[in-house]
Amino acid sequence: MMALRRALFLINTPYQLMVAINLAESNYKEWKRDLIISDRLTGAFELAQRVKNENIFETVYTMELSKICPQQDKKCAIRNTIRNPIKELNRVYTAFLFANLNYDVTCIYRKLKHGNRKIELHMFEDGFASYSKYYEEYLEKFRARSGNGCKRLFHYITNQAFRNIKGIFVFEPEIMTYQPEFPVIKMQNIDVSNKALLSVYNRVFNYSAAVDHYDKKVIFFEESYYADGFKVNDIAVVEKLADIVGKENIFVKIHPRNPQNRFAELGYATNKNTAIPWEVIAMNLDLSDKILVTIASVAAIVPATMLGKKYTGILLMDLIEDDSFLKKNITNLYKKVCDGQENLHVVNSIEELSACFKMK
């Protein structure tokens with residue numbers, strides 16, 4: 001008789017929850033599964049209740065990780081990682097799966113080791129950053145072995161989880177731009193034709209086609225630059241786009257972290273609900289006649305790569321005069337992906353952008 005195998009998933013974002021559900025229903029289908037939803041995710045407690053209703057995970061924990069390991073207070077995060085104040089998680093786990101590179105992971109890992117010192121750690125992808133040298137640099141930092149005895153002991157305690165990773169689950173191993181010290185494992189793609197799975201995502205994220213109508217020809221994805229204080233004139237970019245296709249043909253998907261709907265004020269059609277992951281929306285839409293436009297958001301790429309959708313995607317990052325705010329390790333990866341997809345384009349000029357629409 002096979003011994004009981006139990007996996008624990010940690011999620012901090014809606015995208016991570018989508019991936020965790022997909023893994024639970026594929027690679028870990030024969031396992032007992034539990035889930036931690038961090039309070040770093042807006043509406044975590046309401047979301048947790050909806051996830052519980054699906055019975056995919058036996059137990060769904062909500063944890064105030066923003067207090068235990070506050071990102072804005074590194075000393076407190078380190079102190080709590082060492083002291084380990086977590087009271088929950090008293091089950092014995094065979095595997096622990098996570099996506100983020102932060103102190104939360106080691107804090108939880110140190111707790112879980114009390115039940116099973118041989119617990120296996122696996123990462124799963126957190127979007128395209130996981131494929132890039134951006135993650136490689138972080139992993140190398142966590143694996144630092146230099147310094148005096150005290151410093152090495154400190155790193156051993158606070159970063160020990162990242163020395164024990166057994167593998168990373170990703171949708172597209174072939175686009176990895178670095179080779180980690182552990183195996184890269186291809187996970188099963190999210191099947192948009194699986195109506196049962198689609199219904200699960202729709203219920204978990206409260207999707208309703210009646211709330212927002214993505215019925216325009218062009219969908220532009222606002223990014224969080226405005227909220228993050230970067231001086232990128234995305235409004236001017238959209239206005240140039242409107243000169244080409246007409247304002248009446250553009251729908252602007254507002255970024256959930258931006259405090260002001262600047263595009264609605266200018267007369268553009270925009271979404272009202274910002275809490276539903278774009279991937280869930282895309283699963284429900286026929287994108288075949290759509291043109292998805294962005295400066296440098298993966299939203300214009302993932303419906304093709306992760307969901308197998310057919311449409312035209314356009315990235316405008318090379319039109320930005322001052323692109324210092326862009327993470328080049330990630331945007332270079334976007335270019336590599338677009339080079340391999342005939343319907344995804346990184347344009348270099350307004351003339352080239354106009355040409356993309358003439359092709360449609």
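The values are calculated or read from the model by the stated rules, or taken from the named source; none is laboratory data. Note that this is a predicted model, so its numbers are computed, not measured. When we count neighbours, we look across all protein chains shown, and the Cβ atoms used for this are built from the backbone with ideal geometry, even at glycine.
For the range 305-340, the set of residues classified as closer than 18 Å to Tyr15 by Cβ and either touching a strand residue (DSSP E or B) at 6+ places or on another chain (Cβ under 6 Å) or not hydrophobic (A, V, I, L, M, F, W, C) (or both) consists of Thr305, Gly308, Lys309, Gly313, Lys327, Tyr334, listed by residue number. Taking each residue of the range 46-66 that is among the small types (Gly, Ala, Ser) and looking for partners that are outside any strand (DSSP E or B) with beta-carbon atoms closer than 7 Å, six or more apart or interchain, yields Ser66/Asp39; Ser66/Arg40. Is it the case that the range 311-333 has a residue that's within 27 Å of Ala210 (Cβ to Cβ), not aromatic (Phe, Trp, Tyr) and not assigned by TED's automatic domain parsing to the domain that holds Ser193? Yes, there is a match, as at least one residue in the range 311-333 is within 27 Å of Ala210 (Cβ to Cβ), not aromatic (Phe, Trp, Tyr) and not assigned by TED's automatic domain parsing to the domain that holds Ser193. Residues in the range 258-288 that are closer than 17 Å to Thr42 by Cα and either of a type in the set (Val, Ile, Thr) or touching a Cys at 6+ places or on another chain (Cβ under 9 Å) (or both): Thr274, Ile276, Val280.
Among the residues of the range 221-237, those identified as under 19 Å from the mean Cα position of the chain (by Cα) and not small (Gly, Ala, Ser) are Phe221, Glu222, Glu223, Tyr225, Asp228. Within the range 102-137, the set of residues being modelled with pLDDT under 90, within 15 Å of Leu333 (Cα to Cα) and small (Gly, Ala, Ser) comprises Gly127, Ala129, Ser132.
Within the range 238-271, track down each residue that is modelled with pLDDT under 90 and either surrounded by fewer than 16 Cβ atoms within 10 Å (Cβ to Cβ) or in a helix (DSSP H, G or I) (or both). Listed by number, the residues that qualify are Arg257, Pro259, Gln260. In this entry, Lys310 is excluded by the filter for residues that are in contact with a Ser or Thr (Cβ under 9 Å, 6 or more places away or on another chain), assigned to a helix (DSSP H, G or I) and among the basic types (Lys, Arg).
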